[in-house]
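These notes are about the structure you will find just below.
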């Protein structure tokens, strides 16, 4: 989280990738997991890690298809990835 706040997005990605799969095992709530995942997405998109972001966004869209920001981010990624 600190790396992300300091603009060190690649470091934030590397660190978040290590903890996200284990967050609930350590007692993290669904809300905390959601927050960490959003920060992770916020680091992935500007660093052009589109395939990683797309995987997460498609899962989020399957659960909550009516959320406008998810729809916008998915549209952006589909455009960037092309046909």
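Each value in this text was obtained by applying a stated rule to the coordinates, not by laboratory testing. Keep in mind the model is a prediction, meaning the values are calculated, not measured. Neighbour counts run over all protein chains shown; Cβ positions are idealised from the backbone, glycine included.
If you fit an axis through the alpha-carbon atoms of helix 30-44 and take the longest principal axis of the Cα set of the chain, what angle between them do you get, 0 to 90°, nearest 10?
That works out to roughly 60 degrees.
Compute the angle between helix 9-19 and the longest alpha-carbon principal axis of the chain, please, reported from 0 to 90 degrees and rounded to the nearest 10.
60 degrees
Using Cα pairs under 8 angstrom and six or more residues apart, how large is the relative contact order of the range 2-81, in percent?
Relative contact order for the range 2-81 comes out at 23 percent.
Kindly put 63, 52 in sequence by how many other C-beta atoms sit within 10 Å of each C-beta, fewest to most.
Ranked by crowding around the Cβ, least crowded first: 63, 52.
Work out how much length residue 52 to residue 2 would gain on full extension: take 0.36 nm times their residue separation and subtract the Cα-Cα distance, in nm to one decimal.
Here the answer is 15.9 nm.
Can you sort 56, 2 from fewest to most other Cβ atoms within 10 Å of each residue's own Cβ?
In order of increasing Cβ crowding within 10 Å: 2, 56.
Report, in degrees rounded to the nearest 10, the 0 to 90 angle that the Cα long axis of helix 50-63 makes with the longest principal axis of the chain.
Approximately 90 degrees, to the nearest 10.
Considering the zone a paramagnetic label at residue 37 would reach in this model (a point 7 Å from Cα along the Cα-to-Cβ line), which residues of the range 50-70 have amide N under 16 Å from it?
Residues passing the 16 Å test: 52-70.
Plugging the Kirkwood radius over Cα pairs into Stokes-Einstein for the chain, at a temperature of 4 °C and a viscosity of 1.567 mPa s, what D comes out in µm²/s?
97 µm²/s
Run the simple label-point estimate for residue 10 and residue 64 please: 7 Å along Cα→C-beta, distance reported in nm.
About 3.1 nm, to one decimal.
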